[in-house]
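First comes the structure, then the notes that go with it.
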Amino acid sequence: MSEKYSVNQFTVEQILNFIKSDEIAIPEIQRPFVWKGKQVRDLVDSLYKGYPTGYIIISKSPDLKLKDGTTAVGKKIMIDGQQRVTAMMTALSGLEVFNADFEKKHIAIAYNPFAKNDEECFAVQDNAILKDKKWIPDISVIFQTTFDSFSFVQDFCEVNPEITPKEFNQQIQKLFDIKNRKLGVIELFDKELSIDEVTEIFIRINSQGTKLNQADFAMSRIAANESYGGNMLRKAIDYFSHLAVDPKWYQEMTKDEAFSETDYAPKLKWLKDDNDDIYNPDYSDMLRVAFMSQYPRGKMKDLVSLLQGRDFETKDFKESIAEETFKKLSAGVLDYMNEYNFKQFVLAIKDAGFISKKLITSDITLDFAYTLYLRLLKDNTIDKTKVKSYVQRWYVMSTLTGRYISSPESAMDLDLRRIKEKSFLPWLDEVEKTLGDTFWNVELVQNLETSSVNSPYLCVFWAAACRDGSDSLFNEGSKFANLITTMGDVHHIFPKQYLIDNGVKDKAKYNQVANFTYLDTPTNIAIGKDEPSKYFTKVWEQVKTSDFFIGNLKTEDAIEKNLSANCIPLEIKNWIYTNYEDFLSQRRILMANKIKNYYYSL
């Protein structure tokens, strides 16, 4: 069997030279550097003292068969150690790196060559250090090829006359020895390793047990390939996901002149005025959707293989496949970023009742819904006036069934393949047949027996109330949807303290979602800790006296309609704590029925 990896040791200087000469690609230089200044300082201190700093893992891409029949040697890409190497490049080489706000910044590490035992040798440069003559404010000057040791030592000793040139020169040499420190480098040979094996090796080597993110692995492959514009494609993905969260950053983005000349830049401009937060994708969401919208595949490891040029039939690696993959992935990203596509998709989700981020329980479920939207737009067999409806139904169905919660990639891969084989409508019909009476009348009712306010079933119930324009409890004209978006109060229908005072002390019991509703603050205050039989009776009595303390319902018919819309049994006006279990049981059934009617109305 061929070797799958090799283990070597290289000096800091050798590794930095590998990066500078592009022998090893470190695409994270183009992405936000997440380390804090103190972490950079700590790494420099460890190198100075000769402490171990962990392995760097490099992945060698397989050799590609070119169109003319020749072979191109695969590129080496760093897949773990980017933050450490980037820290060394900014601290030792003076490189400017992007911080979390995508601002270019050099992290200057200062050195105190004659620090006492209780003092630190290194610190992040600040104003106090710049004023202290005993500190070298930026060690990167020592590691420049133009560094003049003689003049530097002379200048330092001139302002620090108590220190001799010999003493200072010895300390400079100790600092300079950092470049000779050795780091372990593990080189993985992709041709002999599947991404699952790469992940397993990564976990075993990484002392913290961090799992290798396959999206990161794919993004490293993309950014390292400048031949097919991967470096700009990666920027487009990073910039979009950053702007989705921080539209004000647009002006900073425009300073990237090279990116501004690409086809991606105009597609991002609309985000500077967008403040909707229903769907704020990160780079992995974008990459996943762009890939799945172009290929009937849902596994990121397949994208990695395609980016490398893998022919799934012959097992060879071909330049033509890599080139085609970059072309299709770029088209997928452009479709993803398209203002009309994105806004129409978000509108479809909001129109289905998911009007607030708090109702979105799974980003990956949202990813597949957007993938489906993009694919159906290009499907000539689909009535375009019904695309929104189909996407809404699929999103609600997959949320209710947890379709993409366990083994999401396998589930998405299966759905994409079935849609390709059968076409979408027959597959939708086949999937919906699983939502029979047992699902609606038994499974869903059982799933509503939970105390999680983030339960997908509760969130779909609330979305249903938003979608059908239900009034909030006891208030005609006060829409449930408004309370969701304006921070209305989540109220216990059987008040929590009332239940506790009467022996229901289990939090999982009194916080059952079937005991929750949204109320406006005045109504919530008016109800207080009263038992249901007391405050519901007041609501009925108000109709006769026209003296309204709780809500504004003026007729018994209005009360009955309001309770029906909120899935509350009419018998509640006679119930006390001994009826709590009956209430929960009956309300779950009513909630499940409302969700069912809502689903089939989409």
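The values are calculated or read from the model by the stated rules, or taken from the named source; none is laboratory data. All of these numbers come straight from a predicted model, not from anything done at the bench. Don't worry about glycine lacking a Cβ; one is built from the backbone with ideal geometry, like all the others, and counts go over all protein chains shown. Heavy atoms of the whole protein, side chains included, go into the accessibility calculation; ligands, DNA and RNA do not. Shrake-Rupley method; radii C 1.70, N 1.55, O 1.52, S 1.80 Å.
Points worth noting:
- Hits in segment 119-158 (condition: among the β-branched types (Val, Ile, Thr) and open to solvent by 70 Å² or more (accessible area, probe 1.4 Å)): THR145, THR146
Matching residues to (1) under 23 Å from VAL460 (Cβ atoms); (2) assigned to a loop (DSSP other than H, G, I, E, B):
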{"site": "ASP530", "(1), (2)": "no, yes"}
{"site": "THR537", "(1), (2)": "no, no"}
{"site": "ASN552", "(1), (2)": "no, yes"}
{"site": "ASP557", "(1), (2)": "no, no"}
{"site": "LYS561", "(1), (2)": "yes, no"}
{"site": "ASP582", "(1), (2)": "no, no"}
{"site": "GLN586", "(1), (2)": "yes, no"}
{"site": "MET591", "(1), (2)": "yes, no"}
{"site": "ASN597", "(1), (2)": "yes, no"}
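The rows are residues; the columns are (1) more than 15 Å from LEU602 (Cβ to Cβ); (2) open to solvent by 40 Å² or more (accessible area, probe 1.4 Å); (3) assigned to a helix (DSSP H, G or I).
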{"residue": "PHE342", "(1), (2), (3)": "yes, no, yes"}
{"residue": "LYS358", "(1), (2), (3)": "yes, yes, yes"}
{"residue": "THR361", "(1), (2), (3)": "yes, yes, no"}
{"residue": "LEU366", "(1), (2), (3)": "yes, no, yes"}
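- Filtered residue count, segment 266-322, keeping only those that are touching an Asp or Glu at 6+ places or on another chain (Cβ under 9 Å), of a type in the set (Asp, Glu) and closer than 24 Å to SER61 by Cα: 1
- Hey, ILE595 in contact with a Pro (Cβ under 9 Å, 6 or more places away or on another chain) and buried (at least 18 other Cβ atoms within 10 Å of the Cβ) or not: no
- Selection within segment 507-528 - without any contact (Cβ under 8 Å) to a residue 40 or more places away in the chain, in contact with a His (Cβ under 6 Å, 6 or more places away or on another chain) and not in a helix (DSSP H, G or I): none
- Residues in segment 511-531 that are open to solvent by 30 Å² or more (accessible area, probe 1.4 Å) and either hydroxyl-bearing (Ser, Thr, Tyr) or within 20 Å of LEU553 (Cβ to Cβ) (or both): ASP520, THR521, PRO522, ASN524, ILE525, ALA526, GLY528, ASP530, GLU531.
- Among all residues of segment 492-505, there is none that is under 19 Å from ALA464 (Cβ atoms), open to solvent by less than 60 Å² (accessible area, probe 1.4 Å), touching a Phe, Trp or Tyr at 6+ places or on another chain (Cβ under 6 Å) and in contact (Cβ under 8 Å) with a residue 12 or more places away in the chain.
- Checking each residue in segment 90-118 for being over 25 Å from TYR250 (Cα atoms) and open to solvent by 40 Å² or more (accessible area, probe 1.4 Å) picks out PHE114, LYS116, ASN117, ASP118.
- Some residue of segment 303-313 being modelled with pLDDT of 90 or more and either part of a loop (DSSP other than H, G, I, E, B) or not hydrophobic (A, V, I, L, M, F, W, C) (or both): no
- Taken over segment 368-389, the criterion of being in contact with a Leu (Cβ under 8 Å, 6 or more places away or on another chain), assigned to a loop (DSSP other than H, G, I, E, B) and open to solvent by 70 Å² or more (accessible area, probe 1.4 Å) is satisfied by THR381 alone.
- Hits in segment 264-286 - residues which are assigned to a loop (DSSP other than H, G, I, E, B) and open to solvent by 30 Å² or more (accessible area, probe 1.4 Å): ASN275, ASP276, ASP277, ASN280, ASP282
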